[in-house]
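Have a look at the structure below before the remarks.
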Amino acid sequence: MKSAESSDKKNSDPVIPFKFDIEPIDSQHQKLFRIFQRILDNIEQKSGNTEQIIEELEEYTHYHFSTEEDLMKKFDYQEINEHIVQHEIFIQKMLDFKTSQLFQSITLNEEIAGFLRKWFLNHILEYDAKYVDTFKKNLNSENEEK
């Protein structure tokens, strides 16, 4: 895993602080990070449309999780079940947040921000980092066969 280049900071988009050099995973993580940053900005500005962004995050995470899980199956990744459980935890938490939005919880935005901050970094650094070698080895083999 390597750090993103600081030259990306001139771009207004937030830059994910690390990359695995695996496409499409890196670009998907970048998009997830941008959505996450919009949620944080929205909470900070108290602009009120967090619900719509949470919906977008939920939809995109389903897409991203499917990509990861499909590659894990394709490459016979040994820790796939543990990884899928982590995805299921995230999906359930998003459903919990959507339910809480219906009841207009006063602390909801802080709960969302705290959960996403921890989950996003911990999941990628701990769980996603575990598949990097398997994915790269198999993707390199596929590229060599072409």
- Message: I'd like the full set of residues that are over 16 Å from LEU57 (Cα atoms) and of a type in the set (Gly, Ala, Ser), limited to the range 101-113.
- Response: SER105
- Message: Quick check on the range 123-130. Is at least one of its residues within 15 Å of the chain's Cα centre (by Cα), closer than 20 Å to ILE89 by Cβ and without any contact (Cβ under 8 Å) to a residue 40 or more places away in the chain?
- Response: yes
- Somewhere in the range 92-99, is a residue in contact with a Ser or Thr (Cβ under 9 Å, 6 or more places away or on another chain) and at pLDDT 95 or above? no
- For TYR60, all conditions in the list (1) free of Cβ contacts under 8 Å to residues at least 12 places away in the same chain; (2) within 12 Å of the chain's Cα centre (by Cα) hold save one; what is the number of the exception? (1)
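Please tell me if ALA113 is at pLDDT 85 or above and within 16 Å of PHE36 (Cβ to Cβ). First the steps, then the outcome.
Details: at pLDDT 85 or above: yes; within 16 Å of PHE36 (Cβ to Cβ): yes.
Yes, satisfied.
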- What do you reckon, is ILE35 in contact with an Asp or Glu (Cβ under 8 Å, 6 or more places away or on another chain) and either farther than 19 Å from PHE18 by Cβ or assigned to a loop (DSSP other than H, G, I, E, B) (or both)? no
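Test of understanding: among PHE90, PHE115, PHE120, which residue is over 30 Å from SER141 (Cα atoms) and touching a residue at least 24 places away in the same chain (Cβ under 8 Å)? Break it down stepwise before answering.
On the way: PHE115 fails: touching a residue at least 24 places away in the same chain (Cβ under 8 Å); PHE120 fails: over 30 Å from SER141 (Cα atoms).
Exactly one of PHE90, PHE115, PHE120 is over 30 Å from SER141 (Cα atoms) and touching a residue at least 24 places away in the same chain (Cβ under 8 Å), namely PHE90.
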- Message: Need pairs with beta-carbon distance below 7 Å; first residue on the phi < 0 side of the Ramachandran plot and crowded, with 16+ Cβ neighbours inside 10 Å and within the range 12-35, second at pLDDT below 90 and of a type in the set (Asp, Glu); sequence gap 6+ or separate chains.
- Response: VAL15/ASP8
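The values are calculated or read from the model by the stated rules, or taken from the named source; none is laboratory data. Note that this is a predicted model, so its numbers are computed, not measured. For neighbour counting, all protein chains shown are included, and Cβ atoms are generated from backbone atoms with ideal geometry for every residue, glycine included.
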